[in-house]
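Note sheet for the following structure.
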Amino acid sequence: MNVKAKKHLGQHFLTDENIAKKIVDGLSFQDYQDVLEVGPGTGVLTKYLLEKPTETFVAEIDTESIEYLKLHYSKLQNHHFTGDFLKLNVPEIFQNQVAVIGNFPYNISTQIVFRTLEFRDQIPEFSGMFQKEVAERICEKKGSKIYGILSVLAQAFYEVEYLFTVHENVFNPPPKVKSGVMRMKRKENFQLPCNEKLFFTVVKTAF
């Protein structure tokens, strides 16, 4: 069974196994029992996640990809969700702390970050691949020209780190831009720059 990348879903399948393993190894796999992979596609990250001591779950909107994953990865039986991650209610699905990882579609990557921040009490760690400029913006420090509201929001709750850049030629089909892999680890203590409800309202309006 072959899975064709679908343009309307923003799919670009990673083909480099070394990079896939490197992305997975960006997570610490400490202090949580579950990992949720968003948009696994054909499982290039999934195979390495399944080797880790945590329980791996996947959320995929593409039903063809879900069928492929069920066929090739028996450990994912009853560990998959067919649907949009942006509509998943993490606290209703997971009883434990859960890390989030993925090769995220560029067109909804900032919304994925916002959704993660909404469930920050349950998501201690987040790592994945974005369009390079978006990953850099999230991780940029105050004073930079690209430091903005996305940087402020992410860094209010998480320690952020830009890990490495990924070239276009390791995807099928190749995107038109470079990608960047970043990681966020939840802070033990954080302070919002203003009232929480107002803060999220302003941020969502800005995007």
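The values are calculated or read from the model by the stated rules, or taken from the named source; none is laboratory data. All values derive from a computational prediction rather than experimental measurement. Counting neighbours? That spans all protein chains shown, and the Cβs are built from the backbone with ideal geometry, glycine included. Accessible surface areas use protein heavy atoms only, side chains included; no ligands, DNA or RNA. Shrake-Rupley method; radii C 1.70, N 1.55, O 1.52, S 1.80 Å.
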Exercise for the section: Would you please give the residues with an amide H less than 5 Å from that of V100, counting only those at least 5 places away or on a separate chain, with H modeled from the backbone geometry? Expected result: L36, E125, F126, S127
Problem - Distance in nm between pseudo-label sites at D121 and N89 (7 Å out along the Cβ direction from Cα) - result: 1.4 nm
Practice task
Pick out, in residue order, every one of the GluC sites (Glu not before Pro) in region 54-138 that is DSSP loop and has at most 14 other C-beta atoms within 10 Å; say none if there are none.
Solution key: none
Fill in the blank from the handout: Excluding ligands, DNA and RNA, the carbon-plus-sulfur percentage of the accessible area of the chain with a 1.4 Å probe reads 48 percent
Completion exercise
To the nearest Å², the heavy-atom accessible area per residue of the chain with 1.4 Å probe amounts to 51 Å²
Problem - region 146-161 - phi-based ³J(HN,Hα) in whole Hz, Karplus 6.51/-1.76/1.60, Gly and Pro as x - result: 9, 5, x, 5, 5, 5, 4, 4, 4, 7, 5, 10, 10, 7, 10, 8
Completion exercise
Two pseudo-spin positions, 7 Å from Cα along C-beta at S144 and at N169, lie apart in nanometres by 2.7 nm
Practice task
Name the residues whose placed amide hydrogens come within less than 5 Å of the amide hydrogen of F164, ignoring near sequence neighbours (fewer than 5 apart) on the same chain.
Solution key: V181
Fill in the blank from the handout: Given backbone amide H placed at 1.01 Å from N, residues whose amide H is under 5 Å from that of E55, ignoring those fewer than 5 places away on the same chain, are D34, V35
